[in-house]
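Scroll down for the structure; my scribbles are underneath it.
Bear in mind that the values in this text are calculations on the coordinates, not laboratory data. Keep in mind the model is a prediction, meaning the values are calculated, not measured. Every residue, glycine as well, gets a Cβ built from its backbone with ideal geometry; the counts of neighbours run over all protein chains shown.
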Amino acid sequence: MIARIGASVDATPVTEFDDAGATRQERIFRTISQLLGEQPLGADVRAALFRALPMIQGVSVKQDAIAAAGRHGVAFDYTGTWERFEIIVSAQDYRFLGTYGESVADRTFDLPGGATRTVKAGTPLAWSAHLTAKVVEKAGDRP
C-alpha cells in the first residue's frame, strides 16, 4: 500500500496550493487521510490503509484524540514542518472517526495585492468527523 501511494505521490507534481516543503512521508500521510475522509472504500482497503500508517516514518500514536463530533479515539499522528495532522480511529473497532490538524509553527503567507497573513502556532487548520457510510444501489438513493 505504501509503495502504491508513494508512487502516486511521486508522480503528482507539487502545486502552489501544496506545501512545497512537505516531505514525501507527509504527502503520503496526507493522501491516506484524504482517501479515508473523502472516498468510499471497502473494508479491506481501509484495513490496508490503517496497516500502512505506522509504516510511514514519523508517524506516532496519540491516545485520547477527539474527532469533531466529540467521539474519543486513538490517532495516527504526523508532524511536518508547519503542521501536525491526526487520523482518528475508534480504539474499540478501528472505525475511522475523523481528522484534526493544527499549525505547529508561525507561518506567513503572501496574499494577492501584496498583503500577508500570519497563521500562529496552535491554530486549528482542520477538524472533521466521519459519521456514517453505507452502500446504496444507485446514485441518489439514501440508506
Taking Cα atoms, how many degrees apart are the long axis of helix 24-38 and the longest axis of the chain, rounded to 10 and kept between 0 and 90?
50 degrees
Run the reach check for Lys120 against lysines, Cα to Cα strictly under 26 Å, same-chain hits fewer than 8 apart removed. What comes back?
Lys62
At 222 nm, what helix-only mean residue ellipticity would the chain give, in deg cm²/dmol to the nearest 500, using -39500 (n - 2.57) for each DSSP H run of four or more?
-7500 deg cm²/dmol
For region 33-55 and region 109-143, compute the distance between their C-alpha centroids and round to whole Å.
18 Å
What translational diffusion coefficient, in µm²/s and rounded to a whole number, does the Stokes-Einstein relation yield for the chain at 20 °C and a viscosity of 1.002 mPa s, taking the hydrodynamic radius as the Kirkwood radius over Cα pairs?
130 µm²/s
Return the loop-located chymotrypsin sites (Phe, Trp or Tyr not before Pro) in region 1-63 (DSSP other than H, G, I, E, B) with at most 14 other Cβ atoms within 10 Å of their own Cβ; answer none if there are none.
Phe17
What does the C-alpha gyration tensor say about the overall shape of region 62-143? Classify as rounded when a/c is under 1.5, otherwise prolate if a/b is larger than b/c, or oblate.
oblate
What ranking of Glu86, Glu38 emerges when the number of other C-beta atoms within 10 Å of each C-beta is taken as an exposure proxy, fewest first?
Glu38, Glu86
For region 2-127, what's the relative contact order in percent, using C-alpha pairs closer than 8 Å and at least 6 residues apart?
16 percent
Would you pull out the residues with amide H under 5 Å of Leu125's amide H, same chain only if 5 or more places away, H placed 1.01 Å from N?
Gly101, Glu102, Ser103
Against the longest principal axis of the chain, how steep is helix 43-52, in degrees 0 to 90 to the nearest 10, with axes from Cα atoms?
40 degrees
Karplus couplings for region 115-120 from phi (6.51 cos²θ - 1.76 cosθ + 1.60, θ = phi - 60°), rounded to Hz, Gly and Pro as x?
6, 10, 9, 10, 9, 7
